[in-house]
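Only one structure is covered here, and it is reproduced in the block below.
The values are calculated or read from the model by the stated rules, or taken from the named source; none is laboratory data. Because the structure is predicted, anything quoted here is derived from the model rather than measured. With ideal geometry, Cβ positions are generated from the backbone for all residues, glycine too; neighbour counts draw on all protein chains shown.
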Amino acid sequence: MTKITVDIVRHGETFLNTLNRAQGWIDFELDDHGKQQALTTGRELKDRVYSAVVSSDLKRAVETRDLIISQLQHKPTDIYTDRTFREVFFGYFEGLDSEANWRAIAMQHGYQDHDDIIRHESLEAGRNMMHDMDPTGQAESYEEVVSRWRRGIRRMIKKSNDGDRILLVTHGTFIRTIADALGVDTVGNFPVNAGVTTIEASDRHIKLLEYNHKFDI
């Protein structure tokens with residue numbers, strides 16, 4: 001049985017993050033602060049030996065990945081992108097104000113905002129509410145997101161040797177969904193830019209070791 005450890009990093013800050021927009025598959029480069037966040041995380045991880053470094057194919061994740069790699073003492077030879085690890089797709093709600101999106105969705109169900117939905121129902125319910133309210137029908141459901149990341153992790157395991165450590169650079173809502181599926185209460189605890197979440201994964205089991213660790217810049 002192959003067991004791997006995966007350090008999952010959210011990309012650094014972008015301009016759209018500072019505006020609290022639903023970035024999703026809309027892409028934007030890192031701002032100066034986001035670059036410093038990525039470099040800081042790279043310095044904190046510099047002594048870890050990674051058999052592979054993987055990122056979403058979106059530029060903010062690729063840029064974060066490359067800045068982290070620049071700080072590593074042991075340069076991995078296996079570096080690639082995988083669109084399986086893209087951010088959640090928000091469909092009609094892409095690029096719009098995140099708080100306004102969730103207020104509109106929540107009010108349709110008698111709640112105040114996204115956290116209110118999660119407290120009274122679940123993160124899964126909120127994701128599916130967005131899916132159901134999307135007039136284009138393209139916003140991903142909770143099941144679609146979880147299925148996508150599990151598929152990516154299974155593919156990662158098949159490419160790995162037992163005991164390998166892998167760095168994965170991906171996105172905030174995607175990481176939050178992973179944590180939720182593994183039993184973490186994420187109300188008021190959204191993954192920070194360039195923060196690290198660590199999982200242990202095998203063909204039989206996925207275990208969360210640490211969620212949303214932040215390094216001070």
Residue in the stretch 169-177 that is touching a Lys or Arg at 6+ places or on another chain (Cβ under 9 Å), without any contact (Cβ under 8 Å) to a residue 24 or more places away in the chain and either outside any loop (DSSP other than H, G, I, E, B) or not charged (D, E, K, R) (or both) present: no
All positions within the stretch 171-192 that are closer than 24 Å to Glu63 by Cβ and either of a type in the set (A, V, I, L, M, F, W, C) or touching a Leu at 6+ places or on another chain (Cβ under 9 Å) (or both): His171, Phe174, Ile175, Arg176, Thr177, Ile178, Ala179, Phe190, Val192
Output for the stretch 193-217, where each listed residue is surrounded by 21 or more Cβ atoms within 10 Å (Cβ to Cβ) and not in a strand (DSSP E or B): Asn193, Ala194
Meets criteria (in contact (Cβ under 8 Å) with a residue 24 or more places away in the chain, part of a loop (DSSP other than H, G, I, E, B), surrounded by 19 or more Cβ atoms within 10 Å (Cβ to Cβ) and touching a strand residue (DSSP E or B) at 6+ places or on another chain (Cβ under 7 Å)) for Gly34: no
Residue tally, condition more than 20 Å from the chain's Cα centre (by Cα) and surrounded by fewer than 19 Cβ atoms within 10 Å (Cβ to Cβ), over the stretch 114-133: 6
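Conditions tested, residue by residue: (1) part of a helix (DSSP H, G or I); (2) modelled with pLDDT under 95.
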| site | (1), (2) |
| --- | --- |
| Met130 | yes, no |
| Thr136 | no, no |
| Glu144 | yes, no |
| Arg148 | yes, no |
| Ile153 | yes, no |
| Asp185 | no, yes |
| Pro191 | no, no |
Selection status of Ser160, part of a loop (DSSP other than H, G, I, E, B) and within 20 Å of Val54 (Cβ to Cβ): yes
Neighbours by Cβ (under 7 Å, 6+ apart or cross-chain): first from the stretch 80-100, without any contact (Cβ under 8 Å) to a residue 40 or more places away in the chain and buried (at least 16 other Cβ atoms within 10 Å of the Cβ); second outside any strand (DSSP E or B) and acidic (Asp, Glu): Thr81/Asp57
Extreme residue, farthest from Gln37 (Cα to Cα), among residues of the stretch 2-15 that are over 14 Å from the mean Cα position of the chain (by Cα) and touching a residue at least 24 places away in the same chain (Cβ under 8 Å): Thr2
Residue in the stretch 37-56 that is at pLDDT 95 or above, among the polar types (S, T, N, Q), in a helix (DSSP H, G or I) and surrounded by 24 or more Cβ atoms within 10 Å (Cβ to Cβ) present: yes
